[in-house]
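S.K.: Right, I'll just put the structure down here and ask away after.
The values are calculated or read from the model by the stated rules, or taken from the named source; none is laboratory data. If you're wondering where the values come from, they're calculated on a predicted model, not measured in any experiment. We place every Cβ from the backbone using ideal geometry, glycine too, and count neighbours over all the protein chains shown. Areas reflect the complete protein model, heavy atoms only, side chains present, ligands, DNA and RNA absent. Shrake-Rupley method; radii C 1.70, N 1.55, O 1.52, S 1.80 Å.
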There are 2 protein chains.
Amino acid sequence: MKTIKDVAKLAGVSVATVSRALNKSGYVSEKSQLKVEAAIKELDFYPNEVARSLFQKKSKLIGLLLPDIANPFFPLVAKGVEDKVNEMGYKLILGNVQENPLKEAEYIRTFAQNNVAGVLSAVESSSNNLKNMPFVMLDRITSDKEYSVHSDDYQGGMLAALAVSERSPGQVVVMVGPRSVSNSLVRLAGSVKVLEENNVAYQLFETESYQFDSAQESAYQLFELFPDVKSIIASNDIHALTIMREAIRRGLTIPTDVQVIGYDDNPYSKLMYPSLSTIAQPAYQIGYKGAEILCNRIEGLKVKEKTIQLPVKLEIRESLRKKEN
Amino acid sequence: MKTIKDVAKLAGVSVATVSRALNKSGYVSEKSQLKVEAAIKELDFYPNEVARSLFQKKSKLIGLLLPDIANPFFPLVAKGVEDKVNEMGYKLILGNVQENPLKEAEYIRTFAQNNVAGVLSAVESSSNNLKNMPFVMLDRITSDKEYSVHSDDYQGGMLAALAVSERSPGQVVVMVGPRSVSNSLVRLAGSVKVLEENNVAYQLFETESYQFDSAQESAYQLFELFPDVKSIIASNDIHALTIMREAIRRGLTIPTDVQVIGYDDNPYSKLMYPSLSTIAQPAYQIGYKGAEILCNRIEGLKVKEKTIQLPVKLEIRESLRKKEN
DNA sequence: TATATGTATGTAATCGGTTACACATTAAAC
DNA sequence: GTTTAATGTGTAACCGATTACATACATATA
């Protein structure tokens, strides 16, 4: 790899001048600038980011913590993050936490050891450990003292419950995501409000994880516990799809016998048959906007709002019954 | 952030001794070792990886190039990569190339600028630009001079064609992935061999991308071009699911009117109704094994085989008709 | 006792950049 | 024509680690 010294020698100037030319900082004569640029081109020189970041105590890397990349919601978030972050000249260190607090802590330490400029996290607990770096929470709300971008979970919970209420609900089961994830509690609150306002009877079914593997078991348990369920408000699309599959396996017809609504609107939901009705979250936007806020903070610009709430949208598809009246 | 100097001062030794104690290299008396360890613990010190990597000209970071994280095959690969790489003390810089050669080149340059220890790439073209770093190709085969881990595409192509051939194929359409991706050509060769051996008539249908968005349009075109198709060998599960959806939209029944087989076995395929028959690729294994080879190369261990081919498996589900006889 | 070897430690150079500072030159102001 | 300010450039310190080298001491060998 070529270094700034090689460039300096070829251009016939000092390393300081090369550095100034490179960063367009300080005074550089036009003549020197051109000589340096020519030398850089000739040598195909690119500055070593490691050396830069050692001196600056700040790299061009941003840490991204995700709970589970296998959940298709998060790759979309990651894509939004990546696009914005690249636009601003940063790259991502990926941390897939897999609901494992040890991995999480390890990643946060590694981020620090690598002088990351900041961290974007979709993992609830991390906010405690991120005290020393600028960070923005994605999707998860923690406290309103921290920067975060998330969608309107309360509204989402209401919309889902409303969609079900309007469609001969029968026995309703509301699936509640892991207690540790506060979104799921907010959604629940929204759903409960609507259900109670409409005098719809409902029961709760808790799931301890958002992960793929556990969904199968959850779906099975749900039908064992509530064999007469007529409407299910699932905690996300993966669960919803798995529930639909389990219903079909049990010889139930969707939506006639059981109607289901999911959450997230992952790309597969509309491909399924019957297609899944769901509350669409702007995953890409969440990532993009979060990255924008983080980059602005890093660059020292002031960011007006700490918490940005993006709207959710009800997607009516085939997994819901026809509306009454 | 605490530095090695702080540790040295607190422990009452020189920075050299701290470094030696830290890395267990050279001579360190037991007494010094203990003093250093105590100081490290007291200060909660972790070495700055940036400084390390500047001196070593090699970081503990590994670049990962993926064509599209939104395709659920790749998050699984990434998970395998991440698990192995973490095990060996490395972290990942993520590069989502999105079939864009410029982004790819930019990522490769960034990897170099950050002194990555090596690169794992699932993007075909990258092998040309990676000359200066150790790298292993994932999923894609390039030349047998390069390290790679991929699954047995020829076998996969054969299995898919065989499954179809045995089930009253009728008019068969074989979908061919982008020409630039050599896997798809190998698969095609496998399929063609079986189809011709069994005297099954077939037609080709080319798709220019593996991306999500284009799948919809492809599915539509396929049925426009071949309205009487009875069997479809799709180039991956996303396409297969989209095709099934389009078939249903057109009032066709699966598998009676049209049978479909996919490729990859992504987690959604078995949730679909009817569930999608497919050729399962060991995505996680590909990532894990690739990472293992790369890490071994980085650590200077010799790696026996350059190319590792993992087996594929036929998953018969509901999207295929009953076998004849 | 003199010499060689192993153990232990510190000083300083090094990695490849950035930047504070000193110094030189030129242009503008008085 | 001197003073002042603006411009341009180089030397060297610095970021936080690692390691070559010098040195010191203890022990073993002759």
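S.K.: Going by the conditions given, is B:Ala38 open to solvent by less than 20 Å² (accessible area, probe 1.4 Å) and either modelled with pLDDT under 95 or not assigned by TED's automatic domain parsing to the domain that holds B:Cys295 (or both)?
M.R.: no
S.K.: Restricted to region A:60-69, and to residues that are crowded, with 23+ Cβ neighbours inside 10 Å and facing chain B (nearest Cβ under 10 Å), which residue is farthest from A:Asn129 (Cα to Cα)? Working first, answer last.
M.R.: First pass over region A:60-69, keeping only residues crowded, with 23+ Cβ neighbours inside 10 Å: A:61-67, A:69.
From the residues that got through so far, the ones that are facing chain B (nearest Cβ under 10 Å) too are A:61, A:63-64, A:66, A:69.
On the way: A:Leu61: 18, A:Gly63: 13, A:Leu64: 14, A:Leu66: 15, A:Ile69: 21 Å.
In this case the residue turns out to be A:Ile69.
S.K.: What is the number of the single condition among (1) touching a helix residue (DSSP H, G or I) at 6+ places or on another chain (Cβ under 8 Å); (2) more than 9 Å from chain A (Cβ to nearest Cβ) that B:Ala78 does not meet?
M.R.: (2)
S.K.: When you go through (1) at the interface with chain B (Cβ under 9 Å from one of its Cβ atoms); (2) in contact with a strand residue (DSSP E or B) (Cβ under 8 Å, 6 or more places away or on another chain) one by one for A:Glu106, which number turns out not to apply?
M.R.: (2)
S.K.: Here is a follow-up. Within region B:41-50, can you find the residues that are within 12 Å of DNA strand C (Cβ to nearest atom) and open to solvent by less than 40 Å² (accessible area, probe 1.4 Å)?
M.R.: First, pick out the residues of region B:41-50 that are within 12 Å of DNA strand C (Cβ to nearest atom): B:48, B:50.
The answer is B:Val50, and nothing else.
S.K.: Identify, by number, the condition in (1) open to solvent by 60 Å² or more (accessible area, probe 1.4 Å); (2) closer than 28 Å to B:Ile243 by Cα that A:Arg321 doesn't meet.
M.R.: Here A:Arg321 meets the rest and fails (1).
S.K.: If only one of B:Ala247, B:Ala240 is assigned by TED's automatic domain parsing to the domain that holds B:Gln203 and under 18 Å from B:Gly190 (Cβ atoms), which one is it?
M.R.: Numbers: B:Ala247 fails: under 18 Å from B:Gly190 (Cβ atoms).
Sole residue among the options that is assigned by TED's automatic domain parsing to the domain that holds B:Gln203 and under 18 Å from B:Gly190 (Cβ atoms): B:Ala240.
S.K.: Separate question: Take region B:105-118 and flag every residue that is in contact with a helix residue (DSSP H, G or I) (Cβ under 6 Å, 6 or more places away or on another chain) and of a type outside the set (Gly, Ala, Ser).
M.R.: If the condition is that a residue be in contact with a helix residue (DSSP H, G or I) (Cβ under 6 Å, 6 or more places away or on another chain) and of a type outside the set (Gly, Ala, Ser), then B:Ile108, B:Gln113, B:Asn114, B:Asn115 are the ones that fit.
S.K.: I've got another one for you. Identify, please: which residue in region A:87-128 is among the aliphatic types (A, V, I, L, M) and free of Cβ contacts under 8 Å to residues at least 24 places away in the same chain and is, among those, surrounded by the most Cβ atoms within 10 Å (Cβ to Cβ)? Explain how you work it out, then say what you get.
M.R.: Taking region A:87-128 and keeping what is among the aliphatic types (A, V, I, L, M), we get A:88, A:92-94, A:97, A:102, A:105, A:108, A:112, A:116-117, A:119-120, A:122-123.
Add one more test, that the residue is free of Cβ contacts under 8 Å to residues at least 24 places away in the same chain, and what stays is A:102, A:112.
Values: A:Leu102: 8, A:Ala112: 19.
Per the criteria, the residue is A:Ala112.
For every residue, the table says whether it meets (1) assigned by TED's automatic domain parsing to the domain that holds B:Pro227; (2) β-branched (Val, Ile, Thr); (3) surrounded by fewer than 19 Cβ atoms within 10 Å (Cβ to Cβ); (4) assigned to a loop (DSSP other than H, G, I, E, B).
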position: B:Arg140; (1), (2), (3), (4): no, no, no, yes
position: B:Ser143; (1), (2), (3), (4): no, no, yes, yes
position: B:Leu159; (1), (2), (3), (4): yes, no, no, no
position: B:Arg167; (1), (2), (3), (4): yes, no, no, yes
position: B:Ser184; (1), (2), (3), (4): yes, no, no, no
position: B:Ala189; (1), (2), (3), (4): yes, no, yes, no
position: B:Val192; (1), (2), (3), (4): yes, yes, yes, no
position: B:Glu196; (1), (2), (3), (4): yes, no, yes, no
position: B:Leu204; (1), (2), (3), (4): yes, no, yes, no
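S.K.: Further, regarding this structure: Might you let me know whether region B:15-23 holds any residue that is of a type outside the set (A, V, I, L, M), more than 9 Å from DNA strand D (Cβ to nearest atom) and more than 22 Å from B:Lys91 (Cα to Cα)? Even if it seems obvious, please write down each step before you answer.
M.R.: Going through region B:15-23, the residues of a type outside the set (A, V, I, L, M) turn out to be B:17, B:19-20, B:23.
Now narrow it down to the ones that are more than 9 Å from DNA strand D (Cβ to nearest atom): none.
Taking every residue of region B:15-23 in turn, none turns out to be of a type outside the set (A, V, I, L, M), more than 9 Å from DNA strand D (Cβ to nearest atom) and more than 22 Å from B:Lys91 (Cα to Cα).
S.K.: Then there's this: Considering region B:268-303 alone, what residues qualify as being farther than 11 Å from B:Glu318 by Cα, modelled with pLDDT of 95 or more and part of a loop (DSSP other than H, G, I, E, B)?
M.R.: Listed by number, the residues that qualify are B:Gln281, B:Pro282.
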